[in-house]
Amino acid sequence: MTKPVPADIISRLKAVLGENGWSQDPERLQPKLVEWRDRWFGDTPFLALPANTAQVSAVVGVCYEAGVAITPQGGNTGLVGGQIPKGEILLSTEKLSRVREIETFDDVIVAEAGVTLAAIHEAAAGANRRFPLGLASEGSATVGGFISTNAGGTQVLRYGTARSLVLGLEAVLPNGDVWDGLKRLRKDNTGYDLKQLLIGAEGTLGVVTAASLKLFPVLESRAVAWIGLTGLDAAVQLLARAKQEAGGAVEAFEMIARIGVEFVLRNMPGSRDPLDAPYPYYVLVEFASGEPGSAEGAMERFLAKGLEDGLVADAALAQTGAQAKALWALRENQSAAQKPEGVVWKHDVSVPVSQVATFIQQADAAMERLTPGCRIAAFGHVGDGNVHYDVFGPVGGDPALHEATRDEAGRIVNDIIAGFGGSISAEHGLGSMKTDEAAHYKSPVELAAQRAVRLALDPKRIMNPRVLF
């Protein structure tokens, strides 16, 4: 349990933040205390709303001196509960909302932690550049959040995770000191890389307040196709074909099970099935190139060979930007379309790309043995081995019974993942949901090293104390 926050600390925080820099209004706090899927609910005695880095530093400094715990929060789009406080001070970065600079010669955008991903995309486009991190939650996910969770998304195959897209950081360390590491260098070999420690640390090593992010050229040649598969094994084979045919121009390679498509068609108004007949699995493929016509030509060759060899059962090739957006909506609405379907066991896992089909087949068999008739909606970034493996109860089944079996199912799936040398959290992080489970699979040496890093930077353990071991 987090210890109560003394009244004098609340008074000191109010003083450093000013009249509009905090709230204790239950209505103002309520949206920040509920996780997007309504699985985690929190509480806080005080919402800090710093408007600049100096105020973040002051808040953290007061809390460090008093040993008072802090939970940092960005856009509250995390899916493992790490952003939901349980009695801690809640520090929101929503007012750190400035794009400080765009430099096209350096291909960098410097933005504060509360800037949304959608705003980053808009600002980059205004400079005829692109920031290639793609998340379904781009309208609410923020710079500080996607950096602190090392978000993945749909373009990891070509551009890597958030970790690969950050050149520099500004952050407030757990003792309140400000680290100005907002460099824009592509090479800096001068000791430990502190920014890489903070990326993916889920707010446990400090509060990210701003970042220098890589920009890329806008690629005008683009092709998007929706492909029906007769079997899952064909997906991995097609991925290898796509890489060879496109010559490094594969932007995304997403897999979706048929049941996930049915959820979208049923629960997301305006959706439609791109193909005339249903198939057990689909892949959504996107090529992009700076050479006019290159992506379109590569996609046509790729689809023709796939049809000829029987790996592609049927396909729909987007002819307009609107059609491409509609195809992408079938993938991006997977999570939203699941919400009306009831209790679900969610797993964000990764295995070597070559083992994706085998993992799903083994996990499907194990889930069927545990809960006969369960409905499995597997989807995700098969191009980088990341599968969102979501298990719903049988139609007409008891939701309470399905909920009660969640932990047992999680251990079964995670044991299968461990057998492939995979990860039980590919891109969502550990948060409060997976911390204990991760400790079961990590070696004592790795756990000791991670704990030592945390102890060195946060000896009082005030930063997100329930997260990461």
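Points to keep in mind about this one:
- A simple spin-label model places pseudo-atoms 7 Å from Cα toward Cβ; at residue 443 and residue 66 they are separated by 4.3 nm.
- Note on residue 190 and residue 411: the extension gain reaches 75.4 nm, defined as 0.36 nm multiplied by sequence separation minus the Cα-Cα distance.
- Given charges at Cβ of Lys, Arg, Asp, Glu: the chain dipole, positive-most of 164, 89, 13: 13
- The residues of region 206-336 expose on average 41 square angstrom of accessible surface per residue, using a 1.4 Å probe on protein heavy atoms.
- Inter-probe distance in nm under a simple model that places probes 7 Å from Cα toward Cβ, at residue 177 and residue 366: 4.4
- Backbone phi angles across region 448-456, fed through the Karplus curve with coefficients 6.51, -1.76 and 1.60 (θ = phi - 60°), yield HN-Hα couplings of 5, 5, 5, 5, 5, 4, 5, 4, 5 Hz in residue order; Gly and Pro are listed as x.
- Accessible surface of the chain, 1.4 Å probe, proportion on carbon and sulfur as whole %: 53
- When the pairs 95/195; 95/187; 434/460; 86/460 are compared against a 25 Å limit on Cα-Cα distance, 95/187 fall above it.
- Probe 1.4 Å, accessible area per residue of region 74-165, Å²: 33
- Cα lying deepest toward the dipole's positive end in region 154-208, options 155, 208, 196, charges on Cβ: 155
- Evaluated at q = 0.25, 0.26 Å⁻¹: base-10 log I(q)/I(0), Debye formula over Cα of region 395-469: -1.22, -1.26
- Full-stretch length increase - residue 24, residue 230 - with 0.36 nm per residue and alpha-carbon distance subtracted: 68.6 nm
- Farthest toward the positive end of the dipole of the chain, out of 114, 397, 278, is the Cα of 114, where the dipole comes from beta carbon charges about the Cα centre.
The values are calculated or read from the model by the stated rules, or taken from the named source; none is laboratory data. All of these numbers come straight from a predicted model, not from anything done at the bench. In this analysis, Cβ positions are derived from the backbone assuming ideal geometry, glycine residues included, and neighbour counts consider all displayed protein chains. The accessibility values were calculated without ligands, DNA or RNA, using every heavy atom of the protein model including side chains. Shrake-Rupley method; radii C 1.70, N 1.55, O 1.52, S 1.80 Å.
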